[in-house]
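One structure below.
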Amino acid sequence: MIGVKKNQQLLHRDIERIMDKEDNVGSRYTDIERNKGREELRTVLVSDCLDGINEEWIGLQQVVKVSRIIKDKKGKHTETAYFISSLKGQATFYNEGIRAHWSIENSLHWVKDVTFEEDASKIRTGNAPENTSIIRNIAINVFRTNGYNNMEQAKRLVCNDIKLIKNLIT
C-alpha cells in the first residue's frame, strides 16, 4: 500500500475522480474516536474501479480514500488522503493498517521533535536538514535496538560515554 500525494498529479486526480462517484465505492467503514478533548470522524472508502489509471501501476488492485473530520480546541478541519494497494481488502482492513502506520509515524515524529528538538533546529540549508534527520533516525534505532524505550533517558545515559556509544553501535 502506498500513499498518493498531490505531487503524483495524474494518479491523484484519477483516484479523486474514481472516489467521487458513489457507484465506484465497494466497501466503506466509518469510525468516531474521542480522545483528550479531540473528536475524529474517519471514513475509509475502497474501490476496485481502476478506470483511467495508468497501466504502468503494475499489480494495482484497489484505490483507497481516507477522510478525516477533526474537532479539537482549535476548531474543525478536514483531511483527505489517498492510497493505492496491490492487495484486495475491505475498508476495515485498510483502516487498521493505516491507523497502525499513522501511530508509528506519529510516535517517531513526536520523539524526533520533543526529544531531539527537530522542529526547533536551525539547520536549514542544502542537504544538512535531511542528513541530520537521518542521524536522528539512526540514534533512535540504535537506542531501541538496545532496549531503550525512553529516548530522553537514553540520550542522558550515553551523551558523554564514547565507549558505551561504540558498544551500542557494534
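The values are calculated or read from the model by the stated rules, or taken from the named source; none is laboratory data. In this text the structure is predicted, and so the values were computed from the model without any measurement. Every residue, glycine as well, gets a Cβ built from its backbone with ideal geometry; the counts of neighbours run over all protein chains shown. The protein model used for the area step is the full one, side chains on, heavy atoms only, and it has no ligands, DNA or RNA in it. Shrake-Rupley method; radii C 1.70, N 1.55, O 1.52, S 1.80 Å.
State whether the chain is rounded, prolate or oblate according to the following rule on the C-alpha gyration tensor (a ≥ b ≥ c being the square roots of its eigenvalues): a/c under 1.5 gives rounded; otherwise a/b larger than b/c gives prolate, and the remaining case gives oblate.
Since a/c reaches 1.5 and a/b is larger than b/c, the shape of the chain is classed as prolate.
Using a 1.4 angstrom probe on the protein heavy atoms only, could you order 151, 1 from most to least accessible area?
1, 151
Would you mind telling me the share, in percent, of accessible area of the chain contributed by carbon and sulfur at probe 1.4 angstrom?
Roughly 50 percent of what the probe reaches on the chain is carbon or sulfur.
Placing +1 on the Cβ of each Lys and Arg and -1 on the Cβ of each Asp and Glu in the chain, which of 116, 32, 45 has its Cα farthest towards the positive end of the resulting dipole?
116
Just tell me, in residue order, which DSSP H segments of the chain are both 24 angstrom or longer along the helix axis (alpha-carbon based) and at least -0.5 in mean Kyte-Doolittle hydropathy.
What comes out of the filter, once short or polar helices are dropped, is 128-145.
Straight-line reach from residue 112: which lysines fall under 21 Å, measuring Cα to Cα and dropping same-chain residues less than 8 apart?
122, 155
Pick out, in residue order, every one of the trypsin sites (Lys or Arg not before Pro) in region 53-134 that is DSSP loop and has at most 14 other C-beta atoms within 10 Å; say none if there are none.
Passing both the DSSP loop test and the Cβ count: 73, 74, 88, 122, 124.
Could you state the accessible area per residue of the chain in Å², with a 1.4 Å probe and every protein chain left in place?
69
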